[in-house]
Amino acid sequence: MKRIHRGGGRAAVLAVPLDDVEQEVLERLGALDDGWHVYVHPRLGLDRPDFIVVHPRFGICVVDVKDWDPAQYRQFPRGEISHLSNGEWRPTDERPRQQVHRYRAALRSELARLTDAAPPLHRIRGVVLMPHATTRQAEAVLTCGAVDRNDAFVQVYGYDDLVADSLIRVL
């Protein structure tokens, strides 16, 4: 049976409530079939990814949701991301793909601490979801140029891949 675990399973109320877009993604994840476990804002040391989705057959996926309008963000060939504000492009410190990779590494470390059967890092997938963009638009914002060799392990998707028949492929 599919289960939703909030706040790492320790708290009935999340320390940081889901925003509207995260709630929308959670509803889509809630439509997954039996066997899936969805962890909402789990604590990984000092990090809190939006979701960790686990299935005994399909494995583990760390999910970060970005409520970004693709017309308001762009990435330059060397990896810098800028945000359009008051008609000017301003640099941002956000690096979603690197952030998800850090979550993957933190999860791998935590699993290795808890069990001898922890999967290798390359078996823990990472996904950035941009529900206000198509996958093509999301990729244009977040996959321009190579930022880090670990970015290859973090995929980027938009709303068109959040439909039931595509969701398992995304995760």
Looking at Leu84, Leu129, which is the one that is among the aliphatic types (A, V, I, L, M), over 18 Å from Arg169 (Cβ atoms) and part of a strand (DSSP E or B)?
Leu84
Checking the structure you have, find out if any residue of the range 145-156 is in contact (Cβ under 8 Å) with a residue 12 or more places away in the chain, buried (at least 20 other Cβ atoms within 10 Å of the Cβ), under 17 Å from Leu29 (Cβ atoms) and out of contact with any Cys (no Cβ under 8 Å at 6 or more places or on another chain).
yes
Within the range 16-27, residues being touching a strand residue (DSSP E or B) at 6+ places or on another chain (Cβ under 9 Å) and either open to solvent by 70 Å² or more (accessible area, probe 1.4 Å) or in a helix (DSSP H, G or I) (or both) number 5
Residue by residue through the range 48-78, note down the ones that are assigned to a strand (DSSP E or B) and either among the basic types (Lys, Arg) or modelled with pLDDT under 90 (or both).
Arg74, Gln75
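The values are calculated or read from the model by the stated rules, or taken from the named source; none is laboratory data. Everything numeric in this text was worked out from a predicted model, so none of it was measured. Here the Cβ is made from the backbone with ideal geometry for all residues, glycine too, and neighbour counts use every protein chain on show. SASA here: full protein model, heavy atoms, side chains in, ligands and nucleic acids out. Shrake-Rupley method; radii C 1.70, N 1.55, O 1.52, S 1.80 Å.
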